[in-house]
Structure formats: structure tokens, C-alpha cells
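Take a look at the structure below.
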Amino acid sequence: MSAASTHHQPGATPAGTVGAAGLGEWFDRHARTFFIAPAVILILIFAIFPTFYSIVFALSRVKFTGNGLRFRFVWFDNFLAQFSGNEQAHFLGRVNEMGAFGSIFTLAVIGAAGWWLFRSWQKGSTWVGMIGRTISAAMFIFVGWILGATLLSGNPWGTLMTTLFYVIIGCLVQFVIGTGLAFLCSQPISGKNFFRVLFFIPLMITPLGVGYAFKMVLDITKGPLQPLWNLIGLQDWAWSTDAWAARFFVILGDSWQWIPFVFICMLAALENVSKDQIEAAEVDGASSVEIFREITWPQIVPVAVTVILIRMIEAFKIVDLPNIMTSGGPGIATESMTLHSYFLWRANDMGSSAAVAYLLLILTVVVCSSFFNYVVLGQLRNVK
């Protein structure tokens, strides 16, 4: 080897330095991946893996043995069992006999859904959009059929309709009252800061505490409202044995806890409404109703529909209040799908419990996706 070959050329970089610099540049390029990897790994371990494992439960008959769990794949039998036999009455209600009024209502629902799909096709909706609308229409027809076969035909309904009852009626009551309270506290009145804090307190209480508190307050014989029950002649009445009373009292407790959430969100939206536009409308002689309809509502509608969507997602998972206040009774009148799944799990029927949970997931996704696409996005387009 010559002497010249042992010397580095001017400006050259040693091979080790090049390797270190290249490695450093590689780490810089992939820094985001390294930073996010721990969070992704935790999600895979604690969220995605249990989800796939629960699918195995939903597709199997699970038995406890001395060596652990034994799985026997039955595919979709756990799901189909909810739509036939004894489980049908539990999940759907008694849908075998449909009255005349229920039949007319079901046909009207089918006609309305078909007309909506036809109008969407006429307006040139994409094939992806038509698939989504078809799924939404199918769910609409399915719920309409259950409503016609149960409530409108004089038959009891199951946990599916009870869950939708909590979602629709509960969210409606909470939104109207919460928005009304927010509107009052956004006005220039004295002491409104005190009421802001007071209205927010129920949201900080655990649902278990709310359930036990309402169960105690609504006690006909020993509760603090006993004089009121006696005054109106209900001293011998038990609301927990009346299906509709029990459902509404569960909604009452749920609304008491979640109205503060609607209140605080809508209050923030109302306080961001342009005051200049309101003052200009007042100078022009517009009434309070006109100001709210033409100025205030269009500015707060994005927040309003988002709040309703969040509450719908939470309402589908209601389990604490019906479990504590009524234990799902009388019968299964106040039993939600989440509570239904819990009772099956407690009875060691793991497969059926997982199947009901996935049916709830499908229902939640279809209903909330439909609400987002046809209401939330529709309102946002109108605002623009």
C-alpha cells in the first residue's frame, strides 16, 4: 500500500463519521414515528386486541372449565338468537302480532324511506352516498317496524326500543332545558355567575351517586318528597312498578346529570355571538324571537348539533341509572342494551353478551353517522 493511499483527500469525511451522520439523519426523518410508537403500542394492547378478542366471544359459545375458557364457534348464532325465540321478546319485544294502526304506520315508514331514496337518486347522489342512504333507510324501516309491532300494536317492546327511547327523548329534553338555561345566563342579569356554578354541579357527581340519590328522593314512603306524594294522592302508588313512570324517572335522573354539559357548551356558544349584529337588529326594531331565529341560532348551530351528537353517543351507553334505580324493571321495561349485555355477562353467557354489545355498536354507528351526515353537515351547509 502506498503512502499516498494512507492520507485522506482534502474535504473528505471519515467513513465512521458518514455512518453516524446518516444514522442521525435517519432518526430525524423518522422522529415522529418513534415519538408516537409508544402510544400506538398501548392502543394496540389495551383497545384493539380486546376488541378482536371480544369478536371471538361473540361468535362462540363460551364455557368455564377447570382449565379456563372453552370456545365452540357457532358463528352468528348468538346474533340470530336475539331475533328469534325467547331472546326476541327480550331484545325486540313482542313483534309477532301487529295491529291495524301499527301496520299502517309501518307502511308509511317504508313509503317515506323509499321516497327519500328515490329523491336522493334523482338529485344525482354518488353510489357511495346511495349505499350510505340505503343503510340509513334500512335502519329507519327496521325501527319503524318494531315501533309499529310493539307500542302502536299494544305489545311490550324490548331493550332495543328502550335504548332508543333514552337516546331520543333524553337528548331532546336535555338539549331544550340546557339551551334555555344557557340563554338565560347569557343575558345581562344579576347573579348569573352564581347560577352558572350552580347549574354545573350535577355534572361533577358520579352516575352511581345520581342513581342512589334519585332512588332515595323518589321513594314514595320514606323519601323527602313523601308529603308531596300524599298531597296529590299517590301515597299508595309505586313508580318502580309502572313501566312508563320508571322510564321517565330514569330520564329525569339522566337529564339532571347531563343538562349541565349542554348548558356549559351552549353558554360558551351564545357568548361568542356577535353583539354588534344583535344591537343593529334591535335598532332596526327586530323582536327577540326574530333576533334568535335570524342571528343567534345560525351562529350557534354548529355547536348545538355537535353537542347533540356527543350526548347521543353517551346516551346509547346508559347503564348506571336503570341498574341502580330499577334494576331494569319492572320486567325489562327500563333495561337498556348495555344493561342487557351486563346481565348476560353476569349470567356467564359471554357469547350472547358480546353479541348484544356489537348490536349496540352497529346501532350507535348507523344512527350517529346518519345524524352527522344528514343533520350536522346539512346544518353547516345551510349556515355557509
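Here are the numbers for this structure:
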read-out	value
Residue list for the range 301-319, filter: at pLDDT below 90 and aromatic (Phe, Trp, Tyr)	none
Any chance Gly144 is under 26 Å from Ala100 (Cβ atoms), in contact with a His (Cβ under 9 Å, 6 or more places away or on another chain) and buried (at least 19 other Cβ atoms within 10 Å of the Cβ)	no
Answer from Met130, Met161, Met139 - the residue that is assigned to a helix (DSSP H, G or I) and either buried (at least 20 other Cβ atoms within 10 Å of the Cβ) or in contact with a strand residue (DSSP E or B) (Cβ under 8 Å, 6 or more places away or on another chain) (or both)	Met161
Criterion (touching a residue at least 24 places away in the same chain (Cβ under 8 Å) and of a type in the set (Val, Ile, Thr)) met by exactly one of Ile168, Ile135, Ile131	Ile135
Sole exception among (1) in contact with a Cys (Cβ under 8 Å, 6 or more places away or on another chain); (2) modelled with pLDDT of 85 or more for Tyr212, by number	(1)
Hits in the range 206-244 (condition: surrounded by 14 or more Cβ atoms within 10 Å (Cβ to Cβ) and acidic (Asp, Glu))	Asp219, Asp242
Of the criteria (1) part of a helix (DSSP H, G or I); (2) without any contact (Cβ under 8 Å) to a residue 60 or more places away in the chain; (3) open to solvent by 40 Å² or more (accessible area, probe 1.4 Å), which one Gly124 fails	(1)
Single unsatisfied condition, Leu203 versus (1) assigned to a helix (DSSP H, G or I); (2) open to solvent by less than 20 Å² (accessible area, probe 1.4 Å); (3) modelled with pLDDT under 85	(2)
Test for Gly209: is it out of contact with any Phe, Trp or Tyr (no Cβ under 6 Å at 6 or more places or on another chain) and in a helix (DSSP H, G or I)	yes
One residue from Phe194, Phe261 being among the aromatic types (Phe, Trp, Tyr) and open to solvent by less than 70 Å² (accessible area, probe 1.4 Å)	Phe261
Residue in the range 208-225 that is among the charged types (D, E, K, R) and within 30 Å of Ile278 (Cβ to Cβ) present	no
Residue list for the range 224-254, filter: assigned to a helix (DSSP H, G or I) and over 16 Å from Thr162 (Cβ atoms)	Gln226, Pro227, Leu228, Trp229, Asn230, Leu231, Trp239, Thr241
Residue within the range 72-95 that is more than 30 Å from Pro156 (Cα to Cα) and open to solvent by 60 Å² or more (accessible area, probe 1.4 Å) present	yes
Tally of residues being open to solvent by 40 Å² or more (accessible area, probe 1.4 Å) and under 26 Å from Thr163 (Cβ atoms) across the range 96-110	10
Contacts under 7 angstrom Cβ, first residue in the range 326-337 being over 10 Å from Val250 (Cα atoms) and in contact (Cβ under 8 Å) with a residue 24 or more places away in the chain, partner in a loop (DSSP other than H, G, I, E, B) and open to solvent by 10 Å² or more (accessible area, probe 1.4 Å), 6 or more apart	Ser336/Ile318; Ser336/Val319
Unmet requirement for Ser186, which otherwise passes all of (1) surrounded by fewer than 16 Cβ atoms within 10 Å (Cβ to Cβ); (2) over 26 Å from the mean Cα position of the chain (by Cα)	(1)
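Here is a yes/no grid of residues against (1) over 21 Å from the mean Cα position of the chain (by Cα); (2) among the hydroxyl-bearing types (Ser, Thr, Tyr):
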{"residue": "Ala304", "(1), (2)": "no, no"}
{"residue": "Met312", "(1), (2)": "no, no"}
{"residue": "Gly328", "(1), (2)": "no, no"}
{"residue": "Ser336", "(1), (2)": "no, yes"}
{"residue": "Tyr342", "(1), (2)": "no, yes"}
{"residue": "Ala347", "(1), (2)": "yes, no"}
{"residue": "Ser352", "(1), (2)": "yes, yes"}
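Listed here are the residues, each with its yes/no results for (1) modelled with pLDDT under 85; (2) under 30 Å from the mean Cα position of the chain (by Cα).
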site	(1), (2)
Gly11	yes, no
Trp26	yes, no
Ala39	yes, yes
Ala47	yes, yes
Pro50	yes, yes
Ala58	no, yes
Leu69	yes, no
Glu97	yes, no
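The values are calculated or read from the model by the stated rules, or taken from the named source; none is laboratory data. Since we're looking at a predicted model, the values are computed, not measured. Methodologically, a virtual Cβ is constructed for each residue, glycine included, from the backbone with ideal geometry; neighbour enumeration extends over all protein chains shown. For accessibility, only protein heavy atoms count, side chains too; no ligands or nucleic acids. Shrake-Rupley method; radii C 1.70, N 1.55, O 1.52, S 1.80 Å.
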